[in-house]
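Inspection log for the structure reproduced underneath, given as structure tokens.
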Amino acid sequence: MSAVSIALPNGYELAPVMVLPRSFPSTAVGGPLDLITNRTTPREQCQKTFGMAGILGTWGVLVNVPCGQWSCASCGAKKARRYAAVARGGCELVTERLRLVTVTMPREDPRESWRLLGLRFGRFSERLARRLGRRLTYFGTVELQRRGNPHLHLLTRDSGYLAKASLAAACTGSGFGFVDIRQIAAGAGVQYVTKYLHKSAGQEMPKGVRRIRRSRDWFTESPTIKGTWGEGWQWQSVEGLDPDAVEADMRAQGVLEVFRYDQRVDVAASD
Ligand SMILES: [Zn+2]
């Protein structure tokens, strides 16, 4: 197969952002359409969508790769829906009790709160694990308070007895402000946390902040097909180009079938 040259602007190269298989599995796949998980039609378009074109023999693919960021109104909303499903899935696994833990920051400069959030949370879960004799099973999300500080909202499931006093001690001992814990019904917990997930969508938070925190045993999502780059497919960025013109170019190069996709937000970026 010869190299295909699509009209690319200067300076554009293959971008390592797409997740596609390097070859077709021999079974259960009829064509490239089946290799991209959960094809979607855009409802509201991500403004920072990145364009990629790939060619394998007589097949061509044009892919919109959304930015996948929480701060994007479109992608943030999709991520919120995805994580709401994760929160719900974990709540449904409850056998003993489900509790909602709200952790606040001490009175301090919000920048300090954000900077220390991860460190404090690590200490907090260590302390709780020691007290409980096991690790906490949790799903949590960060809420941006009006005064600029974060709050943490955690759902915990079946983690044994936690006295309020010892929870409070773990909280202040880790550098947090105060903590609230209450037992809740599964449905109520999901509503509470998804409220903050949806509120978070489209909001700017300091760079590098993890908005979702969950223990590995909270809930296992159905696996997405994850492929790798390379062999066979030839990819080029078509950022900023008219997709119709790119498709016409591909056909002129001998590509017989051109498929168009929108890549799933959760494949494009992580938590
Ligand atoms: Zn986006």
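Quick note: the coordinates plus some simple rules give every number you see, no bench work behind them. Since the model is a prediction, treat every value here as computed from it, not as a measurement.
Cα-based radius of gyration for segment 61-115, normalised by 2.2 N^0.38 Å, reads 1.70. Taking each residue as 0.36 nm, the span from Ala85 to Asp109 lengthens on full extension beyond its C-alpha to C-alpha distance by 5.3 nm. Length, then width, then depth: along the principal axes, the Cα atoms of segment 59-166 run 60, 40, 22 Å.
Mind grabbing the base-10 log of I(q)/I(0) for segment 97-217 at q = 0.09 Å⁻¹? Debye formula, identical points on the C-alpha positions, no solvent, two decimal places. Rounded to two decimals, the profile gives -0.22. Excluding same-chain neighbours fewer than eight residues apart, the lysines reachable from Lys79 by a Cα-Cα span under 30 Å are Lys48, Lys195, Lys199, Lys207, Lys226.
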